[in-house]
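This report refers to the structure that appears directly beneath it.
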There are 2 protein chains.
Amino acid sequence: MQNQGAAGNSVGIVVPQRFQAGDDFPLQCDEVLHGFAMVYETYGTLNAAGSNAVLICHALSGNHHAAGYHSEEDDKPGWWDACIGPGKAVDTNRFFVVAPNNLGGCHGSTGPGAVNPETGAAYGPAFPTVTVKDWVRSQALLADHLGIRRFAAVVGGSLGGMQAMQWAIDLPERVGAAVLIACAARLSAQNIAFNEIARQAITSDPQYQNGRYRSTGSKPNSGVGLARMIGHVTYLSDHGMGRKFGRELKSGDIKAARDVEFQVESYLRHQARTFSQRFDANTYLLMTRALDFFDPAEDFGGDLVVALRQASADFLVLSFSTDWRFSASRSKEIVDALIAARKNLVSANIESEHGHDSFLMPLPRYVSVFKAYMERLAERAEQEAADAP
Amino acid sequence: MQNQGAAGNSVGIVVPQRFQAGDDFPLQCDEVLHGFAMVYETYGTLNAAGSNAVLICHALSGNHHAAGYHSEEDDKPGWWDACIGPGKAVDTNRFFVVAPNNLGGCHGSTGPGAVNPETGAAYGPAFPTVTVKDWVRSQALLADHLGIRRFAAVVGGSLGGMQAMQWAIDLPERVGAAVLIACAARLSAQNIAFNEIARQAITSDPQYQNGRYRSTGSKPNSGVGLARMIGHVTYLSDHGMGRKFGRELKSGDIKAARDVEFQVESYLRHQARTFSQRFDANTYLLMTRALDFFDPAEDFGGDLVVALRQASADFLVLSFSTDWRFSASRSKEIVDALIAARKNLVSANIESEHGHDSFLMPLPRYVSVFKAYMERLAERAEQEAADAP
């Protein structure tokens with residue numbers, strides 16, 4: 001069975017690439033990586049002026065496979081295929097799109113599964129804490145490697161949007177525009193609480209083996225599955241879940257109170273199973289910690305306005321009406337700070353019943369706003385290329 | 001150290017009592033309990049006419065100890081001491097208050113820890129499914145035992161409010177008023193999802209031993225603790241957690257991304273530890289199932305209005321502004337159905353930052369509304385007593 005790669009609006013079959021950074025890379029936690037690998041994909045073509053590059057930053061459970069397919073038989077496209085491709089919001093006919101897997105990841109970039117050159121053994125739970133700031137600096141090395149001095153846009157949803165914000169603050173000269181979708185300037189106590197429960201679910205799974213599960217051949221699927229279920233419920237809205245599942249039964253008889261299984265239970269268990277097959281426990285812990293620690297205002301006396309004053313980028317800020325993980329009011333905080341910092345910005349709150357997950361979906365108004373904004377950036381990139389000496 | 005029992009607004013020291021039902025008790029699931037024990041407390045005095053009795057129904061993790069202390073040294077009063085006592089909303093100077101531990105509980109009433117007379121061994125995970133309807137029928141037997149033909153009020157918050165609603169529908173002649181606080185007419189898919197994750201946390205704990213942990217001497221503290229953390233976060237509001245914990249650190253240095261522990265993490269772990277010491281895993285599973293299955297409209301073609309038409313009680317319906325477990329809109333559904341069913345009702349939505357947990361707290365407007373309503377019922381009960389032949 002062939003996939004939709006031939007349908008014209010897909011980037012088609014893509015081959016992941018690998019960037020090896022050789023130099024020591026000091027992290028925010030003061031530990032040092034002695035070089036690192038970063039897996040990434042690219043879609044489209046970098047123009048001669050290097051003005052049309054877009055960086056896609058992934059969220060908690062994402063990776064470098066943002067669009068297209070890995071083979072003719074591959075039936076599942078990259079995680080943001082709804083928004084990346086020829087003629088899509090991030091139009092690969094006009095942009096050169098770079099999608100890396102973050103440091104600490106479990107899909108090829110250096111992370112807990114990699115060998116620590118100092119010990120000859122896998123890092124496992126000893127992999128150092130990585131932060132959003134570390135990710136920005138490591139992604140900048142990839143940009144150097146690819147000959148990209150400045151991104152037309154750095155784009156992300158959720159934790160990806162946080163990276164885009166940090167890029168604009170830390171490396172202002174390298175970001176033309178930052179697109180922050182369904183994100184927050186920092187996590188609330190409730191956000192941290194849900195992350196902590198997910199971490200407890202993983203670390204209290206006896207199969208976790210204090211993080212040394214790889215060497216003992218065990219796998220904390222149960223803990224990772226629970227973590228995913230907890231996360232997943234926070235990605236959906238109460239209303240959306242009601243519309244999708246209601247109180248429909250998969251089996252049993254609720255009047256007789258016998259053998260009852262609700263559809264939503266069966267769905268969650270399926271999510272848990274498939275996620276725990278594909279995602280590494282130590283990476284999950286590390287990614288949630290990066291989320292918790294994110295606070296770009298911290299370096300500026302806790303003042304987000306001062307932090308954002310560092311940026312020279314334009315901003316697009318998008319939120320979704322039923323997102324309660326990073327609600328519209330969290331995006332408003334960012335918008336208010338951007339206004340106070342005298343930045344160019346466009347923002348919109350999109351009506352959607354799909355909660356936080358909305359950012360992954362081809363919702364008409366969302367795609368339309370996102371696409372219009374990106375088209376303006378594409379025109380600007382093309383003008384820059386035309387003006388180049 | 002003496003407790004506040006002497007302070008005048010406490011019911012003081014109370015002694016739990018025990019009711020033994022001897023007859024076979026058929027459950028909704030068609031299984032039969034060959035008699036059962038029900039532990040309960042009472043506060044105040046039943047008048048000669050028997051018109052001033054109030055039944056307090058407990059929620060998921062509650063029990064019969066609703067008010068007062070168990071000894072002079074006891075430093076923690078019953079779970080609803082804020083609302084039950086001399087001069088309080090449920091005034092024990094005027095009402096005879098009955099607070100049972102539900103069937104299936106783990107604090108003395110027949111439940112998974114009890115011995116199955118048919119096998120001579122503890123029921124454990126084989127304890128039959130109990131439903132809100134079963135609880136109502138079993139509580140009615142306790143009322144018979146105590147000589148209470150009709151309750152002046154059946155009162156409860158959360159799952160307790162659901163029991164009050166079911167009482168009004170199933171035994172209309174025995175309920176003068178039903179007080180439904182922070183509850184819903186049935187669970188949403190999201191509610192069920194959170195319960196299911198809690199159950200998965202318990203049953204996937206290897207110490208759970210398929211529910212036979214008592215006989216093997218193990219204890220699924222980790223799973224029960226996780227379940228409690230998941231529940232607890234849904235009892236609090238995002239705003240309330242932000243006010244209480246914010247991003248305050250208990251230890252570590254977030255700028256250096258080192259050894260960071262947020263206050264909210266430490267708090268949740270403490271909650272998990274103390275709850276898992278006092279609560280039984282099989283009971284937790286059974287209580288969440290009773291919540292999931294609750295749907296009083298089910299017997300009436302799914303129409304809540306028809307269901308509530310069975311009731312002859314008056315109703316008080318209270319909700320809290322930041323409650324997102326059973327939000328104000330869920331109380332509105334009940335109110336709308338009560339209006340359509342032509343019932344006498346009073347309802348209020350109370351501003352509070354404490355989320356679902358608000359119903360346990362002495363919030364001024366909440367207590368004031370609740371107390372005023374209960375005073376009217378006390379007057380009615382006293383009038384009935386005066387009119388009695």
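Annotations
- GNM flexibility winner over chain B from B:D280, B:D170, B:D144 (Cα, springs under 10 Å): B:D144
- Projected-area average for chain B over all orientations - Cα convex hull basis, square nanometres: 20.8
- From phi via Karplus (6.51, -1.76, 1.60), per-residue ³J(HN,Hα) for the range B:323-329 in Hz, x at Gly/Pro: 6, 10, 6, 10, 6, 4, 5
- Under 5 Å between amide hydrogens, built in the peptide plane, is the criterion, and for B:F262 it picks out B:K250 among residues at least 5 positions away or on other chains.
- Applying the Karplus relation 6.51 cos²θ - 1.76 cosθ + 1.60 with θ = phi - 60° to the range B:35-45 yields 3J(HN,Hα) values of x, 7, 9, 9, 8, 8, 10, 10, 9, x, 10 Hz, where x marks Gly and Pro.
- Over every Cα atom in the range A:188-293, the radius of gyration and the widest Cα-Cα span, Dmax, amount to 15.9, 49 Å.
- The range B:20-90 and the range B:301-328 have Cα centres lying 23 Å from one another.
- Arranged from fewest to most other beta-carbon atoms within 10 Å of their beta carbon, A:V54, B:V233 become B:V233, A:V54.
- Dividing the helix sum by the residues of chain B, where each DSSP H run of 4 or more adds -39500 (n - 2.57), gives a mean residue ellipticity at 222 nm of -11500 deg cm²/dmol.
- Applying 1/(1 + (r/R0)^6) with r as the Cβ-Cβ distance of B:K255 and A:S266 and R0 = 51 angstrom yields a FRET efficiency of 0.70.
- Cβ-derived FRET efficiency at R0 60 Å, A:S312 paired with B:D303, nearest 0.05: 0.50
- Set A:K343/A:K371; A:K332/B:K244; A:K255/B:K219; A:K133/A:K371; A:K332/A:K371 screened for pairs whose C-alpha atoms are more than 24 Å apart: A:K255/B:K219; A:K133/A:K371
- Taking the DSSP beta bridges with both ends in the protein assembly as shown, the antiparallel portion is around 40 percent.
- GNM flexibility winner over chain A from A:I339, A:I254, A:I13 (Cα, springs under 10 Å): A:I254
- Mean-position separation - Cα centroids, the range B:120-197 and the range A:207-269, in angstrom: 27
- The P(r) of the range A:292-389 has a tail past 15 Å containing 69 percent of all C-alpha pairs.
- GNM on chain A, alpha-carbon springs under 10 angstrom: the most fluctuating residue among A:A67, A:A313, A:A201 is A:A201.
- Estimated inter-spin distance, A:R376 and B:R149, nm [label 7 Å along Cα→Cβ]: 7.7
- Annotation: amide H-H contacts under 5 Å for B:D314 (H modelled 1.01 Å from N, sequence separation of 5 or more, or interchain): B:A177, B:A178.
- Shielding score for B:173-186, defined as the mean number of other chain Cβ atoms within 10 Å: 0
Coordinate-derived values only; no laboratory data. Just so it is clear, the structure is predicted and the values come from calculations on it, not from any experiment. Reconstructed Cβ throughout: ideal geometry from the backbone, glycine too, with neighbour counts over all protein chains shown.
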